[in-house]
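Here the structure is laid out as C-alpha cells; the discussion comes afterwards.
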Amino acid sequence: MSVNRPTPRDGAGIEPSVTTQLDLIADMALAPFVRQFANVDGVWFASQSWAAVQRWLTTIVASERFERIMRPVAVWVPGTRGVSFSVR
C-alpha cells in the first residue's frame, strides 16, 4: 500500500516538517512546546542525538512567521489592564 504524502506549500518557509499531512498547522502548534522544552536545559537538549528535531526547531524559530506570531509581551501584573489580543 502506498501513501500519498503532500509536500509543504510553496512559500511556507518551513521545512522539513515533523508531520506528513497538515504540516504547517501541526508544526506551528508543536513548536512553542518543543522550544520551551529545549529552553529549560539548552545544553542537555543540544547534546541529544536529535539532529532532525534540532534542525526543525531552529528552522521554525528562525522563520518570519514564527517571530510574528510569537512576539514577546509584557508580563501581566495584577491590578493592571494587561495586553489585549485582537481576533481577526
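We did not get these values from a lab; they are worked out from the coordinates using the rules stated. Everything numeric here is computed off the predicted structure, so don't read it as measured data. Virtual Cβ from ideal backbone geometry, glycine too; neighbours counted across all protein chains shown.
The table below lists the values:
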{"item": "At R0 = 30 Å, FRET efficiency that the Cβ-Cβ distance of ALA74 and ALA51 yields, to 0.05", "result": "0.25"}
{"item": "Karplus-derived 3J(HN,Hα), 6.51/-1.76/1.60, for each residue of the stretch 50-60, Hz, glycine and proline x", "result": "10, 4, 5, 5, 5, 5, 4, 5, 4, 5, 4"}
